[in-house]
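> First the structure, then my questions, so here it is.
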Amino acid sequence: MLKDITLGQYYPGDTLVHRLDPRTKLILTLIYIAALFTAIVYAGYALVVLFLAVSILLSRIRLRNILSGLKPLIIIVLITGILNLFYTKGEHLLVHFWRISIYWEGVETAIFMALRIMLLIAGTLLLTYTTSPLQLTDGLESLLNPLKKIRVPVHELAMMMSIALRFIPTLIEETDKIMSAQRARGADFETGGLIAKAKAMLPLLIPLFVSAFRRADELATAMESRCYHGGEGRTRMKQLSMARRDWIALAVGVLLLALVILFRRLGI
Amino acid sequence: MTPVLQTVRLTHRYSEGTPFERVAVDSVDFSAQRGEFIAVIGHTGSGKSTFIQHLNGLLKPSSGSVLFDGKDIHSSKEFTRQVRFRVGLLFQYPEYQLFEETVYRDIAFGPKNMKLKDDEVDERVREAAGFVGLGEEILGKSPFDLSGGQKRRVAIAGVIAMRPEVLILDEPTAGLDPGGREELMENILRYHDGGKRTVIYITHSMEDAARTAQRIVVFNHGHIAMDGTPREVFRRGFELIQMGIIVPQITRVMMRLRELGLDVDDSVYSVDQAIAALRETKGGGDRA
Amino acid sequence: MSTIIKTEKLVYTYEGAEAPTLRGLDLEIEEGTFVAVLGHNGSGKSTLAKHLNGILIPTSGRVLVDGMDTAEEQNLLAVRHTVGMVFQNPDNQIVANVVEDDVAFGPENLGIEPREIRRRVDDALTSVQMYEYRNHAPHLLSGGQKQRVAIAGILAMKPRCIVLDEPTAMLDPVGRGEVLDTITRLNRQEGITVILVTHHMEECIGADRLLVMSEGSILMDGSPRELFPRVEEMEAAHLGVPDTTRLMYALNREGYQLPLEAITTEECAQALLRAFGHKE
């Protein structure tokens, strides 16, 4: 069911990871991704995995939740893996049949690439699981603040993002409901060719759009009547402030990246 | 007589095999005879909405079965599809499912999916529209230009144009004002046609349930907690209140009168019944 | 007592509509009262509500909130700070993904100092009995709970008046009870002016004053006790009279003399007991 999608979901908690400033977590995620793409050999990879594992442990997010978040991407991971498996040439030939040859290097790259994608997603999932969307957008807004000088509407973008995240579950629920209602009238979303299927989506998409517009309209009215008038003069209940733990976490992140680069140089 | 709909130990679990698993409907045995008018009540989350979505095969039971005319509705794909048309299901706030350019085409959506011939579709659309009181001039309009009450009627017409033998409605009167509620209940009663068709509907309004249904089924924690005539059900007013169900005002007054020591029948739920019950206690009273 | 809201010959015509939806309303609302506005769909009651904090601006006539004209742009923030508004659909007025962040939205817009916002958010959530849900995601709450969060979001702005536009229309009876209890308590204990727009006559029982609207005008204005007995007029305005009132009305037609102003279950039962109980 659609409801099982966990993207952008937040699991409230009160762990060290939850308490970190969202800016710290955003930067750490970037560092983590950089490290992930820098690491090409085992030691570096092990370090990145260790970093993620410790973060997950500290956050007390169940591994099961991370895995279920990875589930929708399994096909992408598989395709990447298979492509790498078949198209990487190397020196150590393992199997050869018909026009396909698989090299040991191919196996290695396939595993690394698949792992890399999964680690990438797992890291970002951890970010969204432990950071409320509002904090996340606050953090982004604050990090991107310098862009205001070149007239990028940072506040508006951040507000739009947080509202979009707020309405994802609502719209998913609504999609489920409209789908059931149309199926009760004999709509068939499963069978038929591509064009038939696309056409069959109209009874779902049109009501969904209409409803999204209605919601947007009502939400705008509600926001205005709660005195919203843009970012000017607005304060925040949850002030972002960097604590000791944030600096320590960042230091750990920098260390991670440095080590990974070092390992890459050393080739271990 | 074979019941038109029957469930045998029907169980439904959401998010099976995940930490969020929960049983919404728990081993429910239920049957409806042809021609019955049944109200289903229960607080939010009691499982009643999940339950009725099984009755036309939209949801598949986790275990147990649903029978239509004695035959398992999931026995073949073909039969499941047939049942979907023979058991019409109208969701809550059905006006949000409208999508076509015109009212006419929206009402025709169901009949067209039944692969009926064009003139048959046409006949059914006009009949269904007339049934809910939508005039010819509305058929050509966009459903999005109508008022809320009219939209709801279009949605209802869209289901009854399929001429289902059983009509199931999930809170059809939610959000309507008293006038709109009255009209809609009349339409549903007319569709029931004195027992030619079967109607099952979920409602939060005990007054509506009491006024129209011959039988009330009370859901609580995924089980059927009570099943009987309105009088039988309302006689157990205190139990209903404990289940988070608000009993009709008249019943509440009568329950209170009993508490106050007046020997009055507190299974009544309508104004007329209350008058009769009060007369019985005294056979008179202080008339001026 | 002072007047918090005043309308003068308020007329409003929707764009493209031929006839006005509001036809010259003159209305004064005392601070601290609980006013119920009753009317069928299309009677103009929601349109009136939307004028009370400047969502709609009169086509002609004036609306004064604490003396400020809502038509004047520079008053708008102050008007909305004075009169908060709760809407029908609980989903479409919650902005944030976490309950307490949503409640903070209003005060943040007012530029209030963070520590004070925290205090207000905690107070507001306690006041609607949703404090233990402060870290929950709104979409997982029941309708009644969502609506209470929406009320808390308004409360945290410390308005003097709350307008609720059919806040119970989409709720089940339990949720409806929760919302009604909450607003009644806010009025009685915290002295906030409450304007409740509804089409359920039962919900008006606790109000100090009842306005019955029909065809864009105020048809009746008085206390529920004065107005409930006027059964024929209520029915003419397409309003469902509570069954208890209907019962006593029917009995009176048979010659009893029951007090139609007995509007609660308890009062009705007591009145019936007096009429039908055995004499000692």
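The values are calculated or read from the model by the stated rules, or taken from the named source; none is laboratory data. Quick caveat: nothing in here was measured; it's all calculated off a predicted structure. Please note: Cβ atoms are built from the backbone with ideal geometry, for glycine as well, and neighbour counts cover all protein chains shown. Surface areas here come from the heavy atoms of the whole protein model, side chains and all, with no ligands, DNA or RNA. Shrake-Rupley method; radii C 1.70, N 1.55, O 1.52, S 1.80 Å.
> Using only Cα positions of region B:24-171, each an equal point scatterer, no hydration layer, compute I(q)/I(0) via Debye at q = 0.10, 0.11, 0.13, 0.14 Å⁻¹ and quote the log10 values to two decimals.
-0.38, -0.46, -0.63, -0.73
> 5 Å is the cut-off here: which amide hydrogens, built 1.01 Å from N in the peptide plane, fall below it relative to C:PHE34, excluding neighbours closer than 5 in sequence?
Excluding prolines and chain starts, which carry no amide H, the hits are C:VAL194, C:ASP208, C:ARG209.
> Of B:LYS60/B:LYS196; A:LYS197/B:LYS112; A:LYS177/B:LYS112; B:LYS141/C:LYS146; A:LYS199/B:LYS117; A:LYS177/B:LYS77, which pairs sit farther than 25 Å apart, going by alpha carbon to alpha carbon?
B:LYS60/B:LYS196; B:LYS141/C:LYS146
> Which Cα, out of A:LEU144, A:GLN239, A:ILE33, lies furthest along the positive dipole direction of chain A (beta carbon charges, K/R +1, D/E -1)?
Of the options given, the answer is A:GLN239.
> Which net charge results for the neighbourhood of B:VAL66, defined as the other residues with beta-carbon distances under 14 angstrom from its beta-carbon, given Lys and Arg at +1 and Asp and Glu at -1?
+2
> Compute for chains C and A the buried accessible surface, both sides summed, probe 1.4 Å, and express it in Å² to the nearest 100.
About 3100 Å² of accessible surface is lost on pairing.
> In whole Å, what are the extents of region C:209-280 along the principal axes defined by its C-alpha atoms, from largest to smallest?
On the principal axes, region C:209-280 reaches 52, 23, 15 Å in Cα extent.
> To continue, here is another question. On the principal axes of its Cα set, how long, how wide and how thick is region C:3-241? Give whole Å, largest value first.
Answer, in whole Å and largest first: 49, 41, 34 Å.
> Using a 10 angstrom Cβ neighbour count of at most 15 plus a DSSP loop assignment to flag exposed GluC sites (Glu not before Pro), which longest range of chain A is free of such sites?
It works out to A:92-189.
> Same structure again: Contact order normalised by length for chain A, with contacts defined as Cα pairs under 8 Å and 6 or more residues apart; what percent is it?
33 percent
> Give me the one-decimal Kirkwood hydrodynamic radius in Å for region C:7-117, with the sum taken over alpha-carbon pairs.
Radius from the Kirkwood sum: 15.8 Å.
> For region A:12-20, what does the Karplus curve 6.51 cos²θ - 1.76 cosθ + 1.60, with θ = phi - 60°, yield as ³J(HN,Hα) per residue in whole Hz, taken in order and with x for Gly and Pro?
The phi angles translate into x, x, 9, 9, 3, 5, 5, 7, 4 Hz.
> With the cut-off at 1.5 for a/c, could you classify region B:94-214 from its C-alpha gyration tensor as rounded, prolate or oblate?
Since a/c reaches 1.5 but b/c is at least a/b, the shape of region B:94-214 is classed as oblate.
> Once the convex hull of the alpha carbons of the protein assembly as shown is built, what does its volume come to per residue, in cubic angstrom?
207 Å³
> Quick check on chain A: helices-only [θ] at 222 nm, where DSSP H runs of length 4 and up contribute -39,500 (n - 2.57) each and the sum goes over total residues. Nearest 500, please.
Value at 222 nm, helices only: -23500 deg cm²/dmol.
> Output the relative contact order of chain C, whole-number percent, from Cα pairs under 8 angstrom with separation of 6+ residues.
22 percent
> In terms of Cα to Cα distance under 13 Å, which aspartates and glutamates are near enough to C:LYS50, apart from those fewer than 8 places away along the same chain?
Leaving aside aspartates and glutamates fewer than 8 places away in the same chain, those within reach of C:LYS50 are A:GLU218, A:GLU224, C:ASP165, C:GLU166.
> Oh, and also: Take the Cα atoms of region B:96-163, find their three principal axes, and give me the spread along each one in whole Å, biggest first.
That gives 31, 20, 18 Å along the principal axes, largest extent first.
> Under the rule of at least 5 residues apart or a separate chain, name every residue whose amide H is placed under 5 Å from the amide H of C:ASN41.
For C:ASN41, the qualifying residues are B:ASP177.
> In square nanometres, what is one fourth of the surface area of the convex hull spanned by the alpha carbons of region A:11-104?
8.1 nm²
> D for region C:148-232, whole µm²/s, Stokes-Einstein with Kirkwood Rh over alpha-carbon pairs at 4 °C and 1.567 mPa s: what number?
94 µm²/s
> Just need the Rg to Rh number for region A:193-233, please, alpha carbons only, Kirkwood Rh.
Reported Rg/Rh, Kirkwood definition of Rh: 1.35.
> Further, regarding this structure: Tell me the total accessible area that B and C bury against each other, 1.4 angstrom probe, in square angstrom rounded to 100.
Interface between B and C: roughly 3100 Å².
> If you average 1/r over every pair of different alpha-carbon atoms in chain B and take one over that average, what Kirkwood value in Å do you get?
Kirkwood hydrodynamic radius for chain B: 20.4 Å.
> Still on this structure: Once every DSSP H run of n ≥ 4 in chain B is given -39500 (n - 2.57) and the sum is divided by its residues, what mean residue ellipticity at 222 nm do you get, rounded to the nearest 500 deg cm²/dmol?
About -11500 deg cm²/dmol.
> Right, another one. Given Cα positions, please report Rg to Rh for region C:139-280, the hydrodynamic radius being the Kirkwood one.
So for region C:139-280, dividing Rg by the Kirkwood Rh gives 1.03.
> With every protein chain kept in place and ligands, DNA and RNA left out, what is the accessible area per residue of the protein assembly as shown? Probe 1.4 Å, answer in Å².
Here the residues of the protein assembly as shown average 44 Å² of exposed surface.
> Using R₀ = 35 Å, calculate the FRET efficiency as 1/(1 + (r/R₀)^6) where r is the Cβ-Cβ separation of C:ASP69 and B:GLU183; round to 0.05.
The pair C:ASP69/B:GLU183 has a calculated efficiency of 0.30.
> What are the equivalent ellipsoid semi-axes of region B:1-60, built from the alpha-carbon gyration tensor (square roots of five times its eigenvalues), in whole angstrom, biggest first?
Largest first, region B:1-60 gives 24, 13, 9 Å.
> Right, something else. For a distance above 24 Å, tell me the whole-number percent of Cα pairs in region A:2-266 that qualify.
The share of Cα pairs beyond 24 Å in region A:2-266 comes to 63 percent.
> Amide H to amide H under 5 Å from B:LEU89: which residues, 5+ apart in sequence or cross-chain, H placed 1.01 Å off N in plane?
B:ILE168
> Same structure, new question: When only Cα pairs under 8 Å and 6 or more residues apart are kept, what is the percent relative contact order across chain B?
Across chain B, relative contact order equals 21 percent.
> Leaving ligands, DNA and RNA out of it, report the carbon-plus-sulfur percent of the accessible area of region A:2-266 at a 1.4 Å probe.
Accessible surface attributable to carbon and sulfur in region A:2-266 totals 70 percent.
> If one computes the Cα centroid of region A:85-112 and of region C:123-146, what distance in Å separates the two points?
About 57 Å separates the Cα centre of region A:85-112 from the one of region C:123-146.
> What percentages, rounded to whole numbers, describe P(r) for region C:110-204 computed over all alpha carbon pairs with 5 Å bin width beginning at zero?
3, 13, 24, 25, 20, 11, 4, 1, 0
> When the Karplus curve 6.51 cos²θ - 1.76 cosθ + 1.60 is applied with θ = phi - 60°, which whole-Hz ³J(HN,Hα) does each residue of region A:239-250 get, with x for Gly and Pro?
For region A:239-250, the Karplus-derived couplings read 6, 7, 8, 7, 9, 3, 4, 5, 5, 5, 4, 5 Hz, x marking Gly and Pro.
> Select from C:GLY32, C:GLY143, C:GLY67 the residue whose mean-square fluctuation is largest in a Gaussian network model of chain C (Cα-Cα springs shorter than 10 Å).
For chain C, modelled as a Gaussian network with Cα springs under 10 Å, the answer is C:GLY67.
> Roughly how many Å² of B:HIS43 are accessible to a 1.4 Å probe, to the nearest 10?
40 Å²
> Using θ = phi - 60° and the Karplus curve 6.51 cos²θ - 1.76 cosθ + 1.60, what whole-Hz ³J(HN,Hα) does each residue of region C:206-222 get, with Gly and Pro shown as x?
In residue order, the calculated couplings are x, 6, 7, 9, 10, 10, 9, 10, 7, 6, x, 10, 8, 8, 9, 8, x Hz.
> Oh, and also: So how much accessible surface do A and B hide from each other in total, probe 1.4 Å, in square angstrom to the nearest 100?
The A and B chains share an interface burying roughly 2000 Å².
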